[in-house]
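First up is the structure itself, then whatever we jot down about it.
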Amino acid sequence: MVLDLAGGASGWKAAEWKGALVRLRRSVAAVDRDGVDAWLGLGSGLFAGGERGPRLLKEMPSFAGDLLDPAQSHGDVLVQVAGDDEKAVREAAEQVVGRATGWRVRWQVDGFRAGNRVEGGKGLARNPFHFTEGFGNPGTDREAADRAVVRSGQGEPDWAVGGSYQVVRIVRLATELWDKDSVREQERIIGRRRDGRWLDGAPADERPGFAADPDGRATPVDSHVRLAAPDRRNPPPLVRRSYSYDRGDGDRGLIFSCFQRDLAEGFEAVQKRLEGEAMAKYLLTTGGGYFFVPPPGDAWTDALFRD
Ligand code: HEM
């Protein structure tokens, strides 16, 4: 389960930002224990006046088909709290918000991961379209860090090395429409079976033979996985970790979330390839934003806000 918050205050001077951020980071760190994972991400609004921000951080653009609601998009800071115990997560989030003097919660969304488990080093969960997600993620921490963590020599400010760009997208899914399609049709739209096996018969953890199927007879060329990751030897440099949400009245879907060391090579390259995918008519992205999760510790606040 996860709770996302975005908040901030305008008109602060650098010293006030610094104090407020350090306090917020410490209260997030205080709840980041005992089965609760909590972290913060910095939004582009924080860097409006200066030039020391992460090189690629900007307000999330509106992509083809998006209908971004300003009331649940962007923000100065993202706080994410996750864990297995819903009550512990809720209490941790309340504690952070309760101590966040000077900040205002702009939006928040609760998520959950049905069938959450780890297999072969990969975190798997079932999404509202009844498909298991996570197979395309790396199976080792080393490979995950290679895709997600900013290194030196990438043109990023020194303080940002060890951090990660996080993309959050609130994607409403047309589950009633989707459920009218046969399972076979759904599998051709995704490009995998519901349990992760490939449509050409390859097991979930092996590579499918896209090259031997140029016309998409087994795996359609406009299927999600084929467009998302066409070159099986070079998977896109991002790590996904999404949650389902259900706000009632049919407003259900995915809180899509992914981490990468380079926003353009990671999320943006994949998102652009997905334009025109067969799944597009079942999706409506209504919110979210781009954030930068700083490296552990407080050192980055000194680099950001020199008086
Ligand atoms: C919001 C609706 C979405 C749904 C329902 C969805 C569903 C899925 C499913 C079922 C898989 C196959 C299992 C797996 O490898 O995890 C998958 C794979 C993948 N998806 Fe999505 N996805 C969505 C959005 C996105 C977005 C917005 C991106 C990135 C821009 C993305 C990128 C990927 C990538 C990179 C893979 C792995 C492909 C591979 O290695 O074969 N997905 N997705």
Return a yes/no flag: does the stretch 18-27 have any residue that is touching a helix residue (DSSP H, G or I) at 6+ places or on another chain (Cβ under 9 Å), open to solvent by 70 Å² or more (accessible area, probe 1.4 Å) and part of a loop (DSSP other than H, G, I, E, B). no
Filter the stretch 220-247 for residues that are touching a strand residue (DSSP E or B) at 6+ places or on another chain (Cβ under 7 Å) and in a loop (DSSP other than H, G, I, E, B) and give the result. 237, 238, 241, 242
Within the stretch 258-267, can one find any residue that is open to solvent by less than 10 Å² (accessible area, probe 1.4 Å) and farther than 29 Å from residue 140 by Cα? no
Does residue 68 satisfy the condition of being in a loop (DSSP other than H, G, I, E, B) and either closer than 27 Å to residue 275 by Cα or touching a strand residue (DSSP E or B) at 6+ places or on another chain (Cβ under 8 Å) (or both)? yes
Specify the residue that is most open to solvent (accessible area, probe 1.4 Å); the eligible residues are those in the stretch 141-184 that are assigned to a helix (DSSP H, G or I), farther than 26 Å from residue 129 by Cα and of a type in the set (Gly, Ala, Ser). 145
Does the stretch 218-226 include one or more residues that are closer than 25 Å to residue 72 by Cα and in contact (Cβ under 8 Å) with a residue 24 or more places away in the chain? no
Pick from the stretch 185-194, criterion open to solvent by 40 Å² or more (accessible area, probe 1.4 Å) and outside any helix (DSSP H, G or I), ranking: farthest from residue 221 (Cα to Cα): 194
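The values are calculated or read from the model by the stated rules, or taken from the named source; none is laboratory data. Treat the numbers as computed from the prediction; the structure is a model and nothing was measured. Every residue, glycine among them, receives a Cβ derived from its backbone with ideal geometry; neighbour counts consider all protein chains shown. Surface areas here come from the heavy atoms of the whole protein model, side chains and all, with no ligands, DNA or RNA. Shrake-Rupley method; radii C 1.70, N 1.55, O 1.52, S 1.80 Å.
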